[in-house]
1. For residues that are in contact (Cβ under 8 Å) with a residue 24 or more places away in the chain and surrounded by fewer than 15 Cβ atoms within 10 Å (Cβ to Cβ), tally how many sit in the range 88-115.
2. Answer yes if at least one residue in the range 12-23 is modelled with pLDDT of 85 or more and aromatic (Phe, Trp, Tyr), and no otherwise.
3. Show me the helices (runs of 4 or more DSSP H) found entirely inside the range 1-111 where at least 1 residues are of a type outside the set (A, V, I, L, M, F, W, C) and touching a Pro at 6+ places or on another chain (Cβ under 9 Å).
4. Are any residues in the range 139-158 assigned to a helix (DSSP H, G or I) and of a type in the set (Ser, Thr, Tyr), and if so, which ones?
5. In this structure, does Gly185 turn out to be in contact with a Pro (Cβ under 8 Å, 6 or more places away or on another chain), on the phi < 0 side of the Ramachandran plot and crowded, with 21+ Cβ neighbours inside 10 Å?
6. Return the residues of the range 173-228 that are free of Cβ contacts under 8 Å to residues at least 60 places away in the same chain and β-branched (Val, Ile, Thr); say none if nothing qualifies.
7. Of the residues in the range 120-150, how many are within 22 Å of Leu217 (Cα to Cα) and more than 22 Å from the chain's Cα centre (by Cα)?
8. Would you say Ser126 is crowded, with 17+ Cβ neighbours inside 10 Å, in contact with a His (Cβ under 6 Å, 6 or more places away or on another chain) and among the hydroxyl-bearing types (Ser, Thr, Tyr)?
Amino acid sequence: MEKRKEEGVLSRFLKGVIIALGFILPGVSGGVLAAILGIYEKLLSFMAHLTKDFKKNFLFFLPVGIGGIIGIGLLSKPLEWLLENYQVIVLWGFAGAIIGTLPSLMKESVKYKRRDTVDRIWLFGSLIVGFLFLYFMDNILGTIPPNFFGFIIAGGLIALGVLVPGLSPSNLLLVLGLYDSMLNGFKNFDLVGVFLPIAIGGILVIILLSKFIEWILHNFHSRMYHFIIGIVIASTLLIILPPVANYTGFTLQTGIYSFILFILGLLLGAWMSTLEEKYK
């Protein structure tokens, strides 16, 4: 029997840094990135059963957590600058990276059974409903003040973005009026005013919902993944469409650079998917 290859500390740390993008980049889900990188189901199992093999799982995910925290702090400022100066180009690059991982998610969706009509209904249904909900979300939801309680809510949404792949907490935070203040707190490493309430909200949601999400995944694996794929496609479309993407001043040069970064993103996404297969 072939021995399963152990994943190194540096690899797990870098995965944490990448997953951090799902917390701070609109349209990107930390859960999707975790699934792409092959640690989603293991992470979900750990969160749902904290006392089971706690030491082993804690040591496995410790570099991921450290990478996530450092990634949030280090990436927030340059990401803000890139989005301010090259927003459309950057968003098309991320869209390419997400689309490049879709074949891997499609393969995972039929891991235990063949795709059927109900699966297709879940996929297209979540795509259409998810797109409409996210697009008109600012008309459905109001805004929340960026205070301690508001950041507890932000932490809960970030945790949902990990538990439910395809859900982009940054999109929700933008609409709720918390995103800019949160990003500013991340940049300045505001431990008490931002990191602490976000941690509290995240822990509460994980305790309340992780077992339920794991149950759905185990009992409706194919349906869950087709739902996820639909949401991933919907949220990817949203980050390259107004109002998220601002095409004011768009030029031919911008279009060429966007296309090049989109292709590079596709290749990066496909490569990240090979990492998932390597460590499964």
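1. Within the range 88-115, the subset in contact (Cβ under 8 Å) with a residue 24 or more places away in the chain is 88-106, 108-113, 115.
This time we only want the ones that are surrounded by fewer than 15 Cβ atoms within 10 Å (Cβ to Cβ), so: 103, 106, 111-113, 115.
Matching residues across the range 88-115 total 6.
2. So far as the range 12-23 goes, yes, one or more of its residues are modelled with pLDDT of 85 or more and aromatic (Phe, Trp, Tyr).
3. On the way: elements: 9-24, 30-36, 40-48, 54-100, 102-109.
Because the criterion is at least 1 residues that are of a type outside the set (A, V, I, L, M, F, W, C) and touching a Pro at 6+ places or on another chain (Cβ under 9 Å), the helices (runs of 4 or more DSSP H) in the range 1-111 that meet it are 9-24, 30-36, 40-48.
4. none
5. On the way: in contact with a Pro (Cβ under 8 Å, 6 or more places away or on another chain): no; on the phi < 0 side of the Ramachandran plot: yes; crowded, with 21+ Cβ neighbours inside 10 Å: yes.
When the stated conditions are applied, Gly185 does not pass them.
6. Matches in the range 173-228: Val175, Val192, Val194, Ile198, Ile200, Ile203, Val205, Ile207, Ile216.
7. Going residue by residue through the range 120-150, those that are within 22 Å of Leu217 (Cα to Cα) are 120-130.
Retained after the next criterion (residues that are more than 22 Å from the chain's Cα centre (by Cα)): 120-121.
Looking only at that region, the number is 2.
8. Details: crowded, with 17+ Cβ neighbours inside 10 Å: yes; in contact with a His (Cβ under 6 Å, 6 or more places away or on another chain): no; among the hydroxyl-bearing types (Ser, Thr, Tyr): yes.
Spelling it out, it is not the case that Ser126 is crowded, with 17+ Cβ neighbours inside 10 Å, in contact with a His (Cβ under 6 Å, 6 or more places away or on another chain) and among the hydroxyl-bearing types (Ser, Thr, Tyr).
The values are calculated or read from the model by the stated rules, or taken from the named source; none is laboratory data. A quick note: this is a predicted structure, and the numbers were derived from the prediction, not measured. Virtual Cβ from ideal backbone geometry, glycine too; neighbours counted across all protein chains shown.
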